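A short write-up of the structure that comes next.
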Amino acid sequence: MKKLLAIVVLGLLWSGNAKADCTDDTNFVWRYGDKTKSYILIDYASKNDKPIIITKAYVYTKDKKIVKQISKDYLLEPFRKSNRNLAELANEGNPKESVTFINLRGYNTEVIASVGYACRYK
């Protein structure tokens, strides 16, 4: 009986580590882009040698209700960082909304508590 229990426990431990998620292979940091909190910038960094596609970005309240969701694919190359920064956005004049740039004009930013994302391997 002890052998069977040991086999089950070890099997569960090994299977728990067997499947890595793309969020485990990505670091991300979000911040408001200006003092009026009119947009959010998200910076991603790959920690893996596989291309990762960021598929969605979410803006959440404290109790995890979705304030806003963006569904656009963004390719994050292996061992690279996302390449959009404040200077690039300023040069574009009117940047398109994406999973790296989320426009918040008209939203109540006082309820925003966190940002998240979804991804998949290419």
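The values are calculated or read from the model by the stated rules, or taken from the named source; none is laboratory data. Being a predicted model, the structure only gives us computed values, none of them experimental. Glycine gets a Cβ as well: all are built from the backbone with ideal geometry, and neighbour counts include every protein chain shown.
Points worth noting:
- Screening residue 3 on (1) surrounded by fewer than 10 Cβ atoms within 10 Å (Cβ to Cβ); (2) modelled with pLDDT of 90 or more; (3) over 18 Å from residue 105 (Cβ atoms) shows it passes everything except condition (2).
- Per this entry, residue 48 is counted among residues that are modelled with pLDDT under 95, part of a loop (DSSP other than H, G, I, E, B) and under 16 Å from the mean Cα position of the chain (by Cα).
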